[in-house]
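For reference, the structure is listed below as C-alpha cells.
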C-alpha cells in the first residue's frame, strides 16, 4: 500500500465544494483544511503507483481545483 498527501490549491470561493468532493474518493483517509500556500491536504492510501496517478488526475479535474502537488511516502 502506498500513502501519499495531495496538496491542493482551490479557486476563490470554492474551498468547501472541493473539500466535500475529496471526501468522496474511496482512497481518501483524511481531508484537512490548511492555511498557507495550499488550501486542502488530502491523505490517501493507494495499492500501486498506476492507481496513484489516475486518482490524482481525477482529483485535479474536479471543478474548483487550480492545481495539485503529490507527495508520495518514501520508505526509509
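May I ask you to say which residue of 23, 58 is in contact with a strand residue (DSSP E or B) (Cβ under 8 Å, 6 or more places away or on another chain), modelled with pLDDT of 95 or more and either surrounded by fewer than 17 Cβ atoms within 10 Å (Cβ to Cβ) or at positive phi (or both)? First the steps, then the outcome.
On the way: 58 fails: in contact with a strand residue (DSSP E or B) (Cβ under 8 Å, 6 or more places away or on another chain).
Only one candidate qualifies: 23.
Do we have any residue at all in region 48-69 that's in contact (Cβ under 8 Å) with a residue 60 or more places away in the chain and more than 11 Å from the chain's Cα centre (by Cα)?
Within region 48-69, the subset in contact (Cβ under 8 Å) with a residue 60 or more places away in the chain is 68-69.
If we keep only those that are more than 11 Å from the chain's Cα centre (by Cα) as well, we get none.
No, region 48-69 contains no residue that is in contact (Cβ under 8 Å) with a residue 60 or more places away in the chain and more than 11 Å from the chain's Cα centre (by Cα).
The values are calculated or read from the model by the stated rules, or taken from the named source; none is laboratory data. Because the structure is a prediction, the values reported are computed rather than measured. In this analysis, Cβ positions are derived from the backbone assuming ideal geometry, glycine residues included, and neighbour counts consider all displayed protein chains.
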